[in-house]
1. Among the residues of segment 108-139, which ones are at pLDDT below 80 and part of a strand (DSSP E or B)?
2. With respect to Glu59, is the statement that it is under 15 Å from Leu125 (Cβ atoms), in a helix (DSSP H, G or I), of a type outside the set (Val, Ile, Thr) and modelled with pLDDT of 80 or more true?
3. Can you tell me which residue is modelled with the lowest pLDDT among those in segment 75-92 that are within 24 Å of Ala53 (Cβ to Cβ) and either surrounded by 13 or more Cβ atoms within 10 Å (Cβ to Cβ) or in contact with a Lys or Arg (Cβ under 6 Å, 6 or more places away or on another chain) (or both)?
Amino acid sequence: MRNILHNQKGAALPVVLGIIVVGTLVALGLLGFLFNEVSKSQTVTEGIQAKYAAEAGVERMLNELNGPKPEELINIKDLSCSPAKVSTNKINEHNIRLSCDMTDNQLILKSEATGEHTHTTTVTLKVTQKSPLRLEVESWK
């Protein structure tokens, strides 16, 4: 009887199997956590890309305003934006819809980026002088 209690042959097998099971469970938990964090990171990245794509659309319209012929973009007499300049472009994987609206003393530029996520950037410009055209940024949202 004494030999059976002190015989440790084969005792390593259950210990090693237990360690393997515990290690596997810990590894699976870590993998689940990592996949979740990668998914969150991609979501945040896509949202940021949509924001900057919308901002790029507004910057494009502002560059056209500062170009040699802003009258092609804005009809100052009728206080309206030219429909030829309301357009849809593509920046990276985002479709950009550019539009503008003009009141007596404001020009509102709007850029909406759609893709995995959507973001809209609106810039309100104050018309300080009509001829030659002078604009001042009132808000950038």
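1. Val127, Thr128, Gln129, Lys130, Leu133, Arg134, Leu135, Glu136, Val137, Glu138, Ser139
2. Details: under 15 Å from Leu125 (Cβ atoms): yes; in a helix (DSSP H, G or I): yes; of a type outside the set (Val, Ile, Thr): yes; modelled with pLDDT of 80 or more: yes.
For Glu59, the condition - under 15 Å from Leu125 (Cβ atoms), in a helix (DSSP H, G or I), of a type outside the set (Val, Ile, Thr) and modelled with pLDDT of 80 or more - is met.
3. Keep residues of segment 75-92 that are within 24 Å of Ala53 (Cβ to Cβ), which gives 81-92.
If we keep only those that are either surrounded by 13 or more Cβ atoms within 10 Å (Cβ to Cβ) or in contact with a Lys or Arg (Cβ under 6 Å, 6 or more places away or on another chain) (or both) too, we end up with 81-82, 85-89, 91.
Working: Cys81: 61, Ser82: 55, Lys85: 51, Val86: 56, Ser87: 62, Thr88: 68, Asn89: 69, Ile91: 70.
Result: Lys85.
The values are calculated or read from the model by the stated rules, or taken from the named source; none is laboratory data. If you're wondering where the values come from, they're calculated on a predicted model, not measured in any experiment. For neighbour counting, all protein chains shown are included, and Cβ atoms are generated from backbone atoms with ideal geometry for every residue, glycine included.
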